[in-house]
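The structure under discussion appears below in the form of structure tokens.
The values are calculated or read from the model by the stated rules, or taken from the named source; none is laboratory data. Being a predicted model, the structure only gives us computed values, none of them experimental. Heads up, the Cβs are rebuilt from the backbone with ideal geometry, glycines too, and the neighbour counts pull from every protein chain shown. The accessibility values were calculated without ligands, DNA or RNA, using every heavy atom of the protein model including side chains. Shrake-Rupley method; radii C 1.70, N 1.55, O 1.52, S 1.80 Å.
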Amino acid sequence: MAFLFLGRQANAAFEAQKVAIPYSFAPFVSGFDSPTYVTSAPGDPTTLYVVEQVGTIRIVRDGKIAGTFLDVRNLVTSGGEQGLLSMAFSPHYPSNHLFYISYTDVHGNSRVARYRASNGRGVRSSARILLAVHQPYSNHNGGQLQFDKRGYLYFGFGDGGSGGDPNQNAQNMHTLLGKLIRARTKTPGRSWRIVGFGLRNPWRFSFDPANDNLWIGDVGQDRLEEVDFRAASKLDKLANFGWSRFEGLSVYEAGHRYSKSGAKVRPVLVYSHSQGCSITGGYVYRGLAVQAARGRYFYGDYCAGTIWSFRAGSHGRASAAVVSGQVSDLSSFGVDGQGELYATSLGGTLYRLR
């Protein structure tokens, strides 16, 4: 994972402004074991599901931990950038009771599995592996699962790890490493297609519920972190986000391959490691509880703990970034069924925007 605060560099760089804002992130529930993600299930908008790195998913109701939804600790290698990394509920969960998880298995390889729930709990014996990819190193596993508004499931892979993309995976269309992939049908199975490449570690990405635009926080290497944007109208067209020829807007390694395939997509925001070291991508807030934050894209930095936001426009970033909160060890963001925004800290606390 990775994050930051910056200086100017073309139109995508920013100087985060420190201005008075009428909202912040406040502790909501504590007592988790290294939470990596939070979400809710269709049909039950106020119950939260908090993914823990060790291999458990905890249920939160009425501001309290109410039990365990799934326990797959025996399947998971946990620590560093490995573990149970995210989950996604089927858009038709109230009728089909299906959900999906991503994790690094006991050998350190990436897995996406489908499960079925019964009586409000995940059924371990229902597991079906949909995706299994060898990881050459222990870092840059990506791991985000996310449905778009049309009902397609997406998954993000890092470039395979180590540092500097030594195998040049991100620009190689013969591997899934360094790619954003999408299930070929709205009933996810074992068939996936590449919709984006040139990614280093898209640890967290999301779709704006208002328009289905895609926002990616792609973790940088030595100098720069970036936010990438892809309009909903272009999601079916292959996109090249630049790594490892480019880091942010700068050339990283001129000798690395740079595929001729796909539209070349430049980041809409870049920040330097003077502001952090590992970006945690977030969400465009569309909830109702914090009116002043509506329509703003929130993201942060794991190392600095700083959270920023800017106004999301139809073509990407539409305002300057402003400091919008502080959460130490910021591992992820997530939303509930009413669009309210949360943040998780690896220290064990779930925060809520208020």
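Residue count for segment 100-117 satisfying the condition of being open to solvent by less than 50 Å² (accessible area, probe 1.4 Å) and not in a strand (DSSP E or B): 2.
Of the residues in segment 336-345, how many are open to solvent by less than 10 Å² (accessible area, probe 1.4 Å) and either on the phi > 0 side of the Ramachandran plot or at pLDDT below 95 (or both)? Qualifying residue count, segment 336-345: 0.
Taking segment 87-99 as the range and being surrounded by 21 or more Cβ atoms within 10 Å (Cβ to Cβ) and small (Gly, Ala, Ser) as the test, the residues that pass are 88, 90. Taking the conditions (1) out of contact with any helix residue (DSSP H, G or I) (no Cβ under 7 Å at 6 or more places or on another chain); (2) under 30 Å from residue 288 (Cβ atoms); (3) of a type outside the set (Lys, Arg) in turn, residue 212 satisfies each one other than (1). Sort out which residues of segment 229-245 are more than 18 Å from the chain's Cα centre (by Cα) and farther than 21 Å from residue 184 by Cβ, and write them in order of number. Listed by number, the residues that qualify are 242, 244, 245.
If you go through segment 153-170 and keep only what is more than 18 Å from the chain's Cα centre (by Cα) and surrounded by 24 or more Cβ atoms within 10 Å (Cβ to Cβ), you end up with 165, 169.
Based on this model, can you work out whether residue 36 counts as modelled with pLDDT under 95 and of a type in the set (Ser, Thr, Tyr)?
Numbers: modelled with pLDDT under 95: no; of a type in the set (Ser, Thr, Tyr): yes.
Judged against the criteria, residue 36 is not a match.
Examine segment 134-146 for a residue that is aliphatic (A, V, I, L, M), in contact with a His (Cβ under 9 Å, 6 or more places away or on another chain) and touching a residue at least 24 places away in the same chain (Cβ under 8 Å), and state whether such a residue exists. No - not one qualifying residue is present in segment 134-146.
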